[in-house]
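Report on one structure; see the data block that follows.
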Amino acid sequence: MRLEMNRGTQPSGSKGFTLIEVLITMAIFSIGVLAVASMQYWSVRNTASGNVMTLAANLARAQMETLKSVPDVTSLSTGASPNPIDADGNPDPDGIFTRTWVIANPLGTSGTRRIDVTVGWRRQGQNRSVVLTSISRGNGT
């Protein structure tokens, strides 16, 4: 019995992949791996940005609570923390945050004050900040 083979065809029952099939598979796989790596990079970057923003918001909240707990808010004045500060609000030459507050009397009343607390930092070449604003009569209100 003689097995005949034509040029360019595989004998029946042979198994395997051609070089073209392997190259196409590798190209598709490479594109998928690059897409996953890109998503991982952006995910880590956004998580880090979110963490810094949360720290800044906590610093602003802590200062706002301190200012609002003063019994007589009319005695408050505009000010700033020793800058730069770390994530705990302590002076630190390696800290990335600055914290300032502005006390104003926009309502013209004698017993209340508007308090604006700003925490700023520089990330990825841009200045960013979180601002909290409240009107207070003192004693935490």
key: Spin-label zone in segment 70-106 - amide nitrogen under 20 Å from a point set 7 Å from the Cα of ASN58 along the C-beta vector   = 81-100
note = Checked segment 98-141 against the a/c 1.5 cut and the a/b vs b/c comparison, axes a ≥ b ≥ c from its Cα gyration tensor; verdict prolate
Solvent-accessible area per residue, Å², over the chain with all protein chains present [probe radius 1.4 Å] = 72 Å²
query = Between PHE17 and TYR41, how many nm apart are label points set 7 Å from Cα along the C-beta direction?
reply = 2.7 nm
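So how strong a dipole does the chain carry about its Cα centre when Lys and Arg Cβ are +1 and Asp and Glu Cβ are -1, to the nearest 20 debye?
With only Lys, Arg, Asp and Glu charged at Cβ, the dipole is about 380 debye.
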remark   = Of every hundred units of 1.4 Å-probe accessible area on the chain, the number belonging to carbon and sulfur atoms, as a percent, is 58 percent
Shape call, the chain: gyration tensor on alpha carbons, a/c limit 1.5 = prolate
message = List the residues, sorted by chain then number, that are 5 or more residues from ARG123 or on another chain and whose placed amide H is less than 5 Å from its amide H.
response = ARG128
note = Two pseudo-spin positions, 7 Å from Cα along C-beta at ARG137 and at ILE28, lie apart in nanometres by 7.1 nm
query = Tilt of helix 19-68 relative to the longest C-alpha principal axis of the chain, in degrees (0 to 90, nearest 10)?
reply = 10 degrees
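The values are calculated or read from the model by the stated rules, or taken from the named source; none is laboratory data. All values reported here derive from a predicted model rather than from experimental measurement. For neighbour counting, all protein chains shown are included, and Cβ atoms are generated from backbone atoms with ideal geometry for every residue, glycine included. Surface accessibility is based on the protein's heavy atoms, side chains included, excluding ligands, DNA and RNA. Shrake-Rupley method; radii C 1.70, N 1.55, O 1.52, S 1.80 Å.
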